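Asks: Below you will find the structure I want to go over with you.
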Amino acid sequence: MKFPLKNTIAVIAMALAFSSCSNDENPTIVTNELEGLNKIQEITNDTHIVELYSPTGTLQQGHNAISLRIKNKTTNEYEKNVAIAWAPLMQMTTMSHACPFSAVTKTTGKETLHNGYIVFQMAENTMEHWTLTINYTINGAAYTANNQISVPASTKKRVTTFTGTDGTKYLLALIEPTNPKVATNEMTVGVFKMQSMKVFPVVDDFKVKIDPRMPSMGNHGSPNNVDLAQSVSDKLYHGKLSLTMTGYWKINLQLLNTANEVLKGEAITDAVTTSSIYFEVEF
(Lines give C-alpha, C1' and ligand atoms only; values in the text may rest on other atoms or scores of the structure.)
Protein backbone atom coordinates (compact mmCIF):
# COMPACT_ATOMS: atom_id res chain seq x y z
CA MET A 1 0.00 0.00 0.00
CA LYS A 2 1.44 3.40 -0.97
CA PHE A 3 0.93 6.68 0.91
CA PRO A 4 0.79 10.07 -0.75
CA LEU A 5 4.11 11.92 -0.63
CA LYS A 6 2.72 14.68 1.57
CA ASN A 7 1.60 12.13 4.17
CA THR A 8 5.04 10.47 4.15
CA ILE A 9 6.72 13.83 4.79
CA ALA A 10 4.32 14.53 7.65
CA VAL A 11 5.11 11.17 9.30
CA ILE A 12 8.87 11.80 9.06
CA ALA A 13 8.48 15.31 10.52
CA MET A 14 6.48 13.96 13.45
CA ALA A 15 9.09 11.29 14.12
CA LEU A 16 11.89 13.85 14.15
CA ALA A 17 9.91 16.14 16.42
CA PHE A 18 9.24 13.28 18.86
CA SER A 19 12.91 12.34 18.86
CA SER A 20 13.91 15.94 19.51
CA CYS A 21 11.45 16.26 22.40
CA SER A 22 12.68 13.01 23.93
CA ASN A 23 16.31 14.21 23.82
CA ASP A 24 15.37 17.57 25.32
CA GLU A 25 13.57 15.88 28.21
CA ASN A 26 16.50 13.57 28.97
CA PRO A 27 19.67 15.54 28.23
CA THR A 28 23.09 14.04 28.94
CA ILE A 29 24.48 15.83 31.98
CA VAL A 30 28.26 16.21 32.01
CA THR A 31 29.66 17.23 35.41
CA ASN A 32 32.77 19.40 35.45
CA GLU A 33 34.78 17.83 38.26
CA LEU A 34 37.21 20.75 38.42
CA GLU A 35 34.94 23.78 38.15
CA GLY A 36 36.47 26.67 40.10
CA LEU A 37 39.70 24.75 40.80
CA ASN A 38 43.27 25.05 39.53
CA LYS A 39 46.00 22.44 39.76
CA ILE A 40 48.64 22.90 42.46
CA GLN A 41 50.89 19.96 41.56
CA GLU A 42 51.03 16.18 41.10
CA ILE A 43 52.38 13.55 43.49
CA THR A 44 53.17 10.20 41.83
CA ASN A 45 54.10 6.64 42.63
CA ASP A 46 54.52 3.58 40.37
CA THR A 47 50.76 3.06 40.01
CA HIS A 48 48.96 6.39 40.31
CA ILE A 49 49.13 10.13 39.89
CA VAL A 50 47.64 12.17 42.75
CA GLU A 51 46.49 15.58 41.52
CA LEU A 52 46.17 18.43 44.04
CA TYR A 53 43.88 21.43 43.43
CA SER A 54 42.83 24.67 45.09
CA PRO A 55 40.84 27.70 43.93
CA THR A 56 44.08 29.64 43.34
CA GLY A 57 46.29 26.76 42.19
CA THR A 58 48.69 27.47 45.07
CA LEU A 59 49.18 26.81 48.78
CA GLN A 60 50.17 29.36 51.41
CA GLN A 61 50.81 29.74 55.10
CA GLY A 62 47.49 29.47 56.95
CA HIS A 63 44.28 27.63 56.12
CA ASN A 64 44.11 25.92 52.71
CA ALA A 65 41.06 24.26 51.15
CA ILE A 66 42.48 21.44 48.99
CA SER A 67 40.83 19.06 46.51
CA LEU A 68 42.44 15.96 45.04
CA ARG A 69 41.80 13.07 42.69
CA ILE A 70 43.77 9.95 41.77
CA LYS A 71 44.55 8.82 38.23
CA ASN A 72 45.47 5.23 37.33
CA LYS A 73 48.60 5.22 35.17
CA THR A 74 47.65 1.98 33.38
CA THR A 75 44.02 2.74 32.49
CA ASN A 76 44.40 6.52 32.35
CA GLU A 77 41.11 6.69 34.30
CA TYR A 78 40.37 8.51 37.55
CA GLU A 79 39.54 6.31 40.54
CA LYS A 80 35.96 6.59 41.79
CA ASN A 81 35.98 4.29 44.82
CA VAL A 82 38.94 5.24 46.96
CA ALA A 83 39.51 5.97 50.66
CA ILE A 84 42.09 8.71 51.23
CA ALA A 85 44.04 10.07 54.20
CA TRP A 86 46.87 12.58 54.23
CA ALA A 87 49.77 13.54 56.47
CA PRO A 88 51.49 16.93 56.09
CA LEU A 89 54.87 17.27 57.81
CA MET A 90 57.23 20.20 58.23
CA GLN A 91 60.84 19.08 57.77
CA MET A 92 62.91 21.41 59.93
CA THR A 93 66.68 21.39 60.36
CA THR A 94 66.63 19.64 63.74
CA MET A 95 63.11 18.20 63.99
CA SER A 96 59.80 17.67 62.22
CA HIS A 97 56.21 18.48 63.13
CA ALA A 98 52.73 18.25 61.66
CA CYS A 99 49.88 20.77 61.62
CA PRO A 100 46.07 20.85 61.90
CA PHE A 101 44.25 19.09 59.07
CA SER A 102 40.81 17.65 58.35
CA ALA A 103 39.76 14.23 57.15
CA VAL A 104 39.60 13.76 53.38
CA THR A 105 36.03 13.21 52.17
CA LYS A 106 34.30 12.66 48.84
CA THR A 107 33.20 15.97 47.32
CA THR A 108 29.42 16.20 47.13
CA GLY A 109 28.12 15.75 43.58
CA LYS A 110 31.49 14.62 42.19
CA GLU A 111 32.57 11.14 41.07
CA THR A 112 36.36 11.35 41.40
CA LEU A 113 37.05 14.42 43.54
CA HIS A 114 37.82 14.48 47.27
CA ASN A 115 38.48 17.45 49.54
CA GLY A 116 39.61 18.67 52.94
CA TYR A 117 41.74 21.37 54.55
CA ILE A 118 45.28 21.75 55.90
CA VAL A 119 46.47 24.61 58.12
CA PHE A 120 50.18 25.31 57.60
CA GLN A 121 51.21 27.32 60.65
CA MET A 122 54.60 28.25 59.22
CA ALA A 123 55.98 28.96 55.78
CA GLU A 124 58.81 27.22 53.98
CA ASN A 125 62.30 28.73 53.86
CA THR A 126 65.60 27.94 52.21
CA MET A 127 66.46 25.28 54.80
CA GLU A 128 63.05 23.91 55.80
CA HIS A 129 60.06 22.66 53.82
CA TRP A 130 56.73 20.81 53.94
CA THR A 131 56.07 17.32 52.60
CA LEU A 132 52.68 15.73 51.98
CA THR A 133 52.04 11.99 52.20
CA ILE A 134 48.86 10.61 50.63
CA ASN A 135 47.75 7.20 51.91
CA TYR A 136 44.86 5.59 50.04
CA THR A 137 43.07 2.29 49.52
CA ILE A 138 41.43 0.96 46.33
CA ASN A 139 39.62 -2.39 46.32
CA GLY A 140 41.42 -3.44 49.50
CA ALA A 141 44.89 -2.59 48.17
CA ALA A 142 46.87 0.07 50.06
CA TYR A 143 49.05 2.68 48.34
CA THR A 144 51.11 5.69 49.35
CA ALA A 145 52.53 8.71 47.53
CA ASN A 146 54.79 11.40 48.97
CA ASN A 147 56.48 14.57 47.80
CA GLN A 148 57.61 18.03 48.80
CA ILE A 149 55.04 20.81 48.47
CA SER A 150 55.55 24.57 48.27
CA VAL A 151 54.07 26.65 51.11
CA PRO A 152 55.22 30.29 50.85
CA ALA A 153 54.46 32.92 53.46
CA SER A 154 51.11 34.68 53.34
CA THR A 155 51.22 38.39 52.59
CA LYS A 156 48.87 39.05 55.52
CA LYS A 157 48.61 37.32 58.90
CA ARG A 158 46.12 34.46 58.46
CA VAL A 159 47.29 32.20 61.28
CA THR A 160 48.55 32.83 64.80
CA THR A 161 50.18 30.45 67.27
CA PHE A 162 50.75 31.07 70.98
CA THR A 163 50.84 29.58 74.47
CA GLY A 164 47.78 30.32 76.59
CA THR A 165 47.75 31.15 80.29
CA ASP A 166 46.87 27.49 80.86
CA GLY A 167 50.23 26.41 79.39
CA THR A 168 48.66 24.90 76.26
CA LYS A 169 49.87 25.82 72.78
CA TYR A 170 47.03 27.02 70.53
CA LEU A 171 46.66 27.79 66.86
CA LEU A 172 43.99 30.04 65.33
CA ALA A 173 43.48 30.12 61.55
CA LEU A 174 41.37 32.56 59.53
CA ILE A 175 39.16 30.67 57.05
CA GLU A 176 36.55 33.24 55.97
CA PRO A 177 36.20 35.82 54.60
CA THR A 178 38.51 34.96 51.71
CA ASN A 179 37.14 37.89 49.71
CA PRO A 180 36.19 40.56 52.28
CA LYS A 181 33.72 43.27 51.35
CA VAL A 182 32.43 46.53 52.76
CA ALA A 183 29.63 44.76 54.60
CA THR A 184 28.97 42.51 57.55
CA ASN A 185 30.98 39.47 56.45
CA GLU A 186 30.52 35.90 57.56
CA MET A 187 33.63 35.04 59.58
CA THR A 188 34.98 31.53 60.18
CA VAL A 189 38.03 30.57 62.24
CA GLY A 190 39.62 27.23 63.13
CA VAL A 191 40.74 26.81 66.75
CA PHE A 192 43.25 24.03 67.43
CA LYS A 193 45.68 22.99 70.15
CA MET A 194 49.00 21.16 69.99
CA GLN A 195 48.47 17.83 71.71
CA SER A 196 51.82 16.59 70.43
CA MET A 197 54.22 17.40 67.59
CA LYS A 198 52.05 15.31 65.27
CA VAL A 199 48.52 15.84 66.67
CA PHE A 200 46.58 19.13 66.53
CA PRO A 201 42.93 18.50 67.46
CA VAL A 202 40.07 20.99 67.23
CA VAL A 203 39.32 22.80 70.51
CA ASP A 204 35.70 22.50 71.64
CA ASP A 205 33.35 25.04 73.25
CA PHE A 206 35.73 28.01 73.47
CA LYS A 207 34.91 31.55 72.31
CA VAL A 208 36.85 33.93 70.06
CA LYS A 209 36.21 37.64 70.65
CA ILE A 210 36.95 39.97 67.74
CA ASP A 211 37.61 43.70 67.53
CA PRO A 212 38.48 44.86 63.98
CA ARG A 213 40.38 48.15 63.76
CA MET A 214 41.90 50.39 61.06
CA PRO A 215 45.30 51.52 62.38
CA SER A 216 45.73 54.10 59.59
CA MET A 217 42.38 55.74 60.40
CA GLY A 218 42.77 56.54 64.08
CA ASN A 219 42.35 52.86 64.98
CA HIS A 220 38.58 53.18 64.56
CA GLY A 221 36.44 50.08 64.89
CA SER A 222 33.16 48.97 63.34
CA PRO A 223 29.62 48.17 64.51
CA ASN A 224 27.60 44.95 64.48
CA ASN A 225 30.45 42.48 64.95
CA VAL A 226 29.50 39.11 66.44
CA ASP A 227 32.03 37.10 68.45
CA LEU A 228 32.79 33.59 67.22
CA ALA A 229 31.25 30.45 68.70
CA GLN A 230 31.74 26.84 67.66
CA SER A 231 29.32 25.20 65.26
CA VAL A 232 28.18 21.66 66.02
CA SER A 233 28.12 20.72 62.33
CA ASP A 234 31.66 21.55 61.20
CA LYS A 235 33.42 22.15 64.57
CA LEU A 236 34.69 25.52 63.31
CA TYR A 237 34.01 28.90 64.91
CA HIS A 238 31.56 31.29 63.23
CA GLY A 239 30.62 34.92 63.73
CA LYS A 240 30.16 38.26 61.94
CA LEU A 241 32.93 40.64 60.85
CA SER A 242 31.90 44.21 60.05
CA LEU A 243 34.17 46.11 57.62
CA THR A 244 32.97 49.65 56.97
CA MET A 245 35.49 50.72 54.31
CA THR A 246 38.23 49.35 52.07
CA GLY A 247 41.84 49.28 53.26
CA TYR A 248 43.97 47.52 55.86
CA TRP A 249 42.21 46.03 58.88
CA LYS A 250 43.71 44.36 61.94
CA ILE A 251 41.26 41.91 63.51
CA ASN A 252 42.22 41.86 67.18
CA LEU A 253 41.44 38.58 68.95
CA GLN A 254 40.88 37.19 72.41
CA LEU A 255 40.61 33.44 73.08
CA LEU A 256 38.33 32.46 75.98
CA ASN A 257 37.96 28.99 77.49
CA THR A 258 34.78 27.24 78.63
CA ALA A 259 34.92 29.14 81.96
CA ASN A 260 34.95 32.44 80.00
CA GLU A 261 38.55 33.10 81.08
CA VAL A 262 40.83 34.92 78.62
CA LEU A 263 43.70 32.60 77.68
CA LYS A 264 45.37 35.05 75.31
CA GLY A 265 44.69 38.46 73.79
CA GLU A 266 43.86 41.91 75.10
CA ALA A 267 40.81 44.17 74.88
CA ILE A 268 41.43 47.32 72.83
CA THR A 269 41.45 50.62 74.75
CA ASP A 270 42.99 54.06 74.28
CA ALA A 271 46.10 52.71 76.00
CA VAL A 272 46.08 49.25 74.34
CA THR A 273 45.84 49.76 70.59
CA THR A 274 46.47 46.18 69.47
CA SER A 275 46.05 42.67 70.82
CA SER A 276 48.94 40.23 71.02
CA ILE A 277 46.97 37.88 68.74
CA TYR A 278 45.29 39.09 65.56
CA PHE A 279 44.56 38.50 61.87
CA GLU A 280 45.03 40.92 58.98
CA VAL A 281 42.86 41.61 55.95
CA GLU A 282 43.27 44.21 53.21
CA PHE A 283 41.02 44.82 50.25
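The values are calculated or read from the model by the stated rules, or taken from the named source; none is laboratory data. Quantities reported herein were computed from a predicted structural model and do not represent experimental measurements. Virtual Cβ from ideal backbone geometry, glycine too; neighbours counted across all protein chains shown. To get the accessible areas, we keep the full protein, side chains included, count just its heavy atoms, and leave off ligands, DNA and RNA. Shrake-Rupley method; radii C 1.70, N 1.55, O 1.52, S 1.80 Å.
Asks: Any number yet on Rg/Rh for the range 170-245, C-alpha, Kirkwood?
Replies: Computed over Cα atoms, the ratio is 1.04.
Asks: Using +1 on the beta carbon of Lys and Arg, -1 on that of Asp and Glu, and nothing else charged, what's the dipole of the range 167-283 about the Cα centre, debye to 20?
Replies: Computed about the Cα centre, the dipole is about 220 debye.
Asks: First measure r as the distance between the Cβ atoms of residue 220 and residue 75, then evaluate 1/(1 + (r/R0)^6) with R0 = 41 Å and state the FRET efficiency to the nearest 0.05.
Replies: 0.10
Asks: Give the peptides 190-202, 48-60 in descending order of average Cβ contacts within 10 Å, highest first.
Replies: 48-60, 190-202
Asks: For the range 24-109, how big is Rg over Rh, using alpha carbon atoms and the Kirkwood form of Rh?
Replies: 1.04
Asks: Still on this structure: Quick one: with all protein chains in place, what share of the accessible area of the range 164-283 is carbon or sulfur, to the nearest percent (1.4 Å probe)?
Replies: 51
Asks: Now for a separate question. Residues of the range 153-254: accessible area per residue at 1.4 Å, in Å²?
Replies: 48
Asks: If you don't mind, there's one more thing I want to ask. Dividing the convex hull volume of the alpha carbon atoms of the range 42-82 by its residue count, what do you get in Å³ per residue?
Replies: Cα convex hull per residue, to the nearest whole number: 87 Å³.
Asks: So which of 156/207; 80/235; 73/193 end up more than 31 Å apart, counting from Cα to Cα?
Replies: Pairs exceeding 31 Å: 73/193.
Asks: To continue, here is another question. Once you charge only the Cβ atoms, +1 for Lys and Arg and -1 for Asp and Glu, what is the size of the charge dipole of the range 104-199 about its Cα centre, to the nearest 20 debye?
Replies: Approximately 120 debye in magnitude.
Asks: For the pair residue 181 and residue 267, what calculated FRET efficiency results from E = 1/(1 + (r/R0)^6), where r is the Cβ-Cβ distance and R0 = 22 Å, to the nearest 0.05?
Replies: So, using R0 = 22 Å, E works out to roughly 0.25.
Asks: Now for a different question. Kirkwood hydrodynamic radius, computed over distinct alpha-carbon pairs, for the range 55-155: how many Å, to one decimal?
Replies: 14.7
Asks: I need the P(r) histogram for the chain: all alpha carbon pairs, bin width 5 Å from 0 out to the longest distance, whole percents.
Replies: Cα pair-distance distribution for the chain, in percent: 1, 5, 10, 13, 14, 13, 11, 9, 6, 4, 3, 3, 2, 2, 2, 1, 1, 1, 0, 0, 0.
Asks: Here's another thing I want to ask about it. In a solvent-free Debye calculation with one equal scatterer on each Cα, what is log10 I(q)/I(0) for the range 82-121 at q = 0.21, 0.23, 0.31 Å⁻¹, listed in the order of the q values?
Replies: -0.70, -0.77, -1.05
Asks: Nearest 20 debye, what's the magnitude of the dipole of the chain about its Cα centre given +1 on Lys and Arg Cβ and -1 on Asp and Glu Cβ?
Replies: The dipole of the chain has a size of about 320 debye.
Asks: Now a separate question. Of the options 224, 202, 179, report the single residue whose Cα projects farthest towards the positive end of the charge dipole of the range 174-283 (beta-carbon charges: Lys, Arg +1; Asp, Glu -1).
Replies: Ranked along the dipole, the leading option is 202.
Asks: Run the helix sum for the chain: -39,500 (n - 2.57) per DSSP H stretch of 4+ residues, divided by residue count, reported at 222 nm to the nearest 500 deg cm²/dmol.
Replies: It lands at -2500 deg cm²/dmol.
Asks: Still on this structure: If one takes the longest principal axis of the Cα atoms in the chain, at what angle in degrees, from 0 to 90 and to the nearest 10, does the Cα axis of helix 5-25 lie?
Replies: For helix 5-25, the angle is close to 20 degrees.
Asks: Just the Kirkwood number for the range 120-227, please: inverse of mean 1/r across all distinct Cα pairs, in Å, one decimal.
Replies: The answer is 17.4 Å.
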